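Novice: Before I ask anything, here is the structure I am working with.
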């Protein structure tokens, strides 16, 4: 082919291509998706989602997200929105699983959740299970909360108390709470300081029981037998009771009731009257409450004993049954799952997000280090659905703990009696 014939050949080829192209559908001119709007409900002052909604809309311009904020505390506002069928997606606690029984939520299966298949192992163990009932998934993890230990650092420094590191044990716990225990009044001050703020009606006795390797039922998620007289359960309860009766490290419940009438030990902690206490990860500094703490604090994980134990809770994203665009709703939730900001004040439920430099920049190196330690064991979620048998055993356990403390009784005797009382009732429960 000569140089002179090139332009004529090239023109012929272009004409042939143009004719062929005229016979082929123009793939570039795909129809534009119909615009849709998804209404997303969440509680005020818990998470900032608007910037993420805007970024999602830039990627999928035919999908508009309309945020619907409702009351931060209480259930009336969210309940009204759901029962009026005015929202497509909402974010809330595991209490929302009650709506599944009423047929108000869309169930989720492996096909719908296919976009999460490659990252499911990145979630903290227990997060997905916490939003399922009987193996059926109803929610997608949005944020975790973990029970942690808080220390009043203003008092610890003033009293020159040694604060242990994150590998601390119950022995360290005893040393620290003893150093911070001035129930009759601090040196050169009128204020009282309680070594460990706790209440017999709270979850702390359960926490120490499971940390010690004890248990109150054989399987907390599928209980078939009470185990209140398990030797390690007895040891743990006696140890907890001794904080009151033998060591004086826990405050007299009556003193707390009369001094802090509005919030009990939680008010005492907020007002700086506690040396050490257990609280939620999201509490830090009053971040998830109405009041900011007026003192410096430090977070530690739960102290170590015989068994690894993380007590947690999980908030979820839920899709309402009347949502007309569930595929687009799932697309949004998958997008949010990749962004640590979507967790708000809670812990991002994916380990890779918590381990990122961006998360450390957000919460600080010390808190991030504690947060990263949660991935070492499974997160134990207290079952969200009502189980009469478990409630029976739990009620008997807390009543026994209260009796052991107030009457200064032997834990083995009281728990053995409680075990006998609940065994028959347990088997009769549905």
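Quick note: the coordinates plus some simple rules give every number you see, no bench work behind them. This structure is a prediction, so every number in the text was calculated from the model and none was measured. Reconstructed Cβ throughout: ideal geometry from the backbone, glycine too, with neighbour counts over all protein chains shown.
Novice: Put a dot 7 Å past each Cα toward the Cβ at residue 133 and residue 71; how far apart are the dots in nm?
Specialist: My value for the distance between the label points is 2.3 nm.
Novice: So what's the angle, to the nearest 10 degrees on a 0 to 90 scale, between helix 231-245 and the longest Cα principal axis of the chain?
Specialist: Taking Cα atoms only, the helix is inclined about 60 degrees.
Novice: From Cα pairs below 8 angstrom and at least 6 apart in sequence, can you work out the relative contact order of the chain, rounded to a whole percent? Could the numbers behind the result be given before it?
Specialist: Values: 679 pairs, mean separation 103.1, N = 430.
RCO, the chain: 24 percent.
Novice: Modelled label-to-label distance, residue 121 and residue 104, 7 Å Cα→beta-carbon offset: nm?
Specialist: 3.8
Novice: Which option, (1) 28, 58, 14, 0; (2) 22, 48, 21, 6, 4, 0; (3) 17, 39, 28, 12, 3, 0, is the value of P(r) over Cα pairs in 20 Å bins from 0, in percent that was calculated from these coordinates?
Specialist: Given (1) 28, 58, 14, 0; (2) 22, 48, 21, 6, 4, 0; (3) 17, 39, 28, 12, 3, 0, the calculated one carries the label (2).
Novice: Sticking with this structure for a sec: Taking the alpha carbon gyration tensor of segment 157-202, what are the square roots of 5 times its eigenvalues, largest first, to the nearest whole Å?
Specialist: 20, 16, 7
Novice: Write down the Å³ per residue value for the convex hull defined by the alpha carbon atoms of segment 323-426.
Specialist: Enclosed volume per residue, from the Cα hull, is 192 Å³.
Novice: Tell me, what is the percent relative contact order of segment 161-289, built from C-alpha pairs under 8 Å that lie six or more residues apart? Numbers along the way, then the final one.
Specialist: On the way: 150 pairs, mean separation 34.5, N = 129.
Computed over segment 161-289, the figure is 27 percent.
Novice: Please give the helix 6-22 orientation as an angle from the longest Cα principal axis of the chain, in degrees from 0 to 90, rounded to the nearest 10.
Specialist: Once rounded, the angle reads 60 degrees.
Novice: Between residue 153 and residue 44, take the C-beta separation as r, use R0 = 22 Å, and let me know the FRET efficiency to the nearest 0.05.
Specialist: Working from the Cβ atoms, E equals 0.15.
Novice: Just from the alpha-carbon atoms, what are the Rg and Dmax of segment 181-252 in angstroms?
Specialist: Over segment 181-252's Cα set, Rg and Dmax evaluate to 15.6, 55 Å.
Novice: Continuing with the same structure: Sorted from fewest to most neighbouring beta carbons within 10 Å, what does the list 288, 218 look like?
Specialist: Going from least to most buried by this count: 218, 288.
Novice: Give me the three principal axis extents of segment 25-162 from the C-alpha atoms, as integers in angstrom, largest value leading.
Specialist: Extents along the principal axes, in whole Å: 80, 36, 32.
Novice: Let me ask something else. Give the relative contact order (percent, whole number) for segment 32-178; include only Cα pairs under 8 Å separated by 6+ residues.
Specialist: Relative contact order of segment 32-178: 18 percent.
Novice: Among 323, 197, rank each residue by its count of other Cβ atoms within 10 Å, from fewest to most, as a rough exposure measure.
Specialist: Ordered by Cβ neighbours within 10 Å, fewest first: 323, 197.
Novice: As I understand it, the value is the acute angle between the Cα axis of helix 411-428 and the longest principal axis of the Cα atoms of the chain; what does it come to in degrees, rounded to 10?
Specialist: For 411-428 against the chain, the angle is about 50 degrees.
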